[in-house]
1. May I ask for the Kirkwood hydrodynamic radius of the range 137-285, worked out over all distinct Cα pairs and given in angstroms to one decimal?
2. Principal axes first, then extents: for the Cα atoms of the range 149-203, list largest minus smallest coordinate on each axis, whole Å, largest first.
3. Mind checking the angle between helix 134-143 and the chain's longest principal axis? C-alpha axes, 0 to 90 degrees, to the nearest 10.
4. Along the range 27-34, what does the Karplus equation 6.51 cos²θ - 1.76 cosθ + 1.60 (θ = phi - 60°) give for ³J(HN,Hα), rounded to whole Hz, x for Gly and Pro?
5. Taking Lys156 as the anchor, which aspartates and glutamates have their alpha carbon closer than 15 Å to its alpha carbon, excluding any fewer than eight residues away along the same chain?
6. Tell me, what HN-Hα J-couplings in whole Hz come from the Karplus equation 6.51 cos²θ - 1.76 cosθ + 1.60 at θ = phi - 60° for each residue of the range 4-20, using x for Gly and Pro?
7. Taking the Cα atoms only, what angle lies between the long axis of helix 105-115 and the longest principal axis of the chain, rounded to 10 degrees?
8. Excluding same-chain residues fewer than 8 positions from Lys238, which lysines have a Cα within less than 19 Å of its Cα?
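Where a number appears in this text, it was derived from the coordinates with a stated rule and is not lab data. Keep in mind that what you see is a predicted model, and the values were worked out from it rather than measured. Note that each Cβ is placed from the backbone with ideal geometry, even for glycine, and that neighbours are counted across all protein chains shown.
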Amino acid sequence: MLINGHTKQLAIIGKPVEHSFSPQMHNFFSEITKNNYSYSAWETDSIEDAIKGIRAMNIRGVNVTAPYKKDVIQYLDDVDDTALLLGSVNTVVNSNGRLKGYNTDAEGFYRSLINAGINITGKNILVIGAGGAAQPAVMRFVQAKPKSITVVNRTKSKADKMRCDIFEKLGFDINTEFDAFANYDVVINTTSAGMTSSILPTVEIDGIDNLDFINSECAAADMIYNPPETLFLQTARKKGAKTINGLGMLIYQGIIAYELFTETNLPDDIYERVKEYLIKEKILR
Ligand code: ATR
């Protein structure tokens, strides 16, 4: 890709950022579309200064990662409704000096499920975890009209708070108690349990003794992609469930962000193409 005087700048900002594969992914998108954009990774200690820099240098857009997804909001001119409700922005687009924030995580996760043939509409959904990753996902599921959504969490009060603060306002009732007889069709781990050690996210949750409620009729999804198969997914797979990890979410949130940055549509087969590229280049396992 030839960088010239017309190249528009994009980046991921956060701390740390060096392990992100967003630069390789977004630059691949520009490579195949021939869009004249360049995407970098910028580590920052001050999100306020970083946003000032984006304005000063007329940077076209950034992805925002931890620990700034919430703090960044106060420095933007506009925030779309979903991101505002979530209190979390992962994509900022600069249109003629006006900075607007979006959250593409929820849509990214939803599209990754659909791409894997896992439907939410009319299904009983069990979400494990009630942290920052759970909320966007559950919000997107609500729009898809599931039969029921249950959110269970190690600290139950957090799931109850999420039900009251977000979902009651949306007019959708979520359950926060596990029901062993509920026939959950899709079970999703949104917690970080399993990322660094082989533990099940359910071990400390009241009422869940094991994963025997998962069977070959179920689908299980984990937002974690490294390791590629957590103990949760491995257990679900051994019970015959269809399983997917968090890689699809990561790729799809990037696809959606890129389309916002460039106001272009990526080709229909982009997911498979970028995944193949990242594996071939050993960026992904
Ligand atoms: P964030 O909101 O930034 O995503 P968080 O509030 O720490 O981070 O949320 C992480 C989620 O993972 C929470 O649901 C957390 O459960 P608690 O609310 O009880 O802390 C969950 N989590 C993290 N480690 C876990 C573990 N070992 N077992 C079960 N749940 C765990």
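1. Result for the range 137-285, one decimal place: 17.2 Å.
2. Principal extents (Cα only, largest first): 37, 24, 15 Å.
3. Between the helix axis and the principal axis of the chain, the angle is about 80 degrees.
4. Taking θ as phi minus 60°, the curve returns 5, 5, 4, 5, 4, 7, 8, 6 Hz for the range 27-34.
5. The reachable aspartates and glutamates, counting only those whose Cα sits under 15 Å from Lys156, are Asp165, Glu177, Asp179, Glu204, Asp206.
6. Result, rounded to whole Hz: 9, x, 9, 4, 8, 9, 9, 6, 9, 10, x, 7, x, 10, 5, 8, 5.
7. The answer is roughly 70 degrees.
8. none
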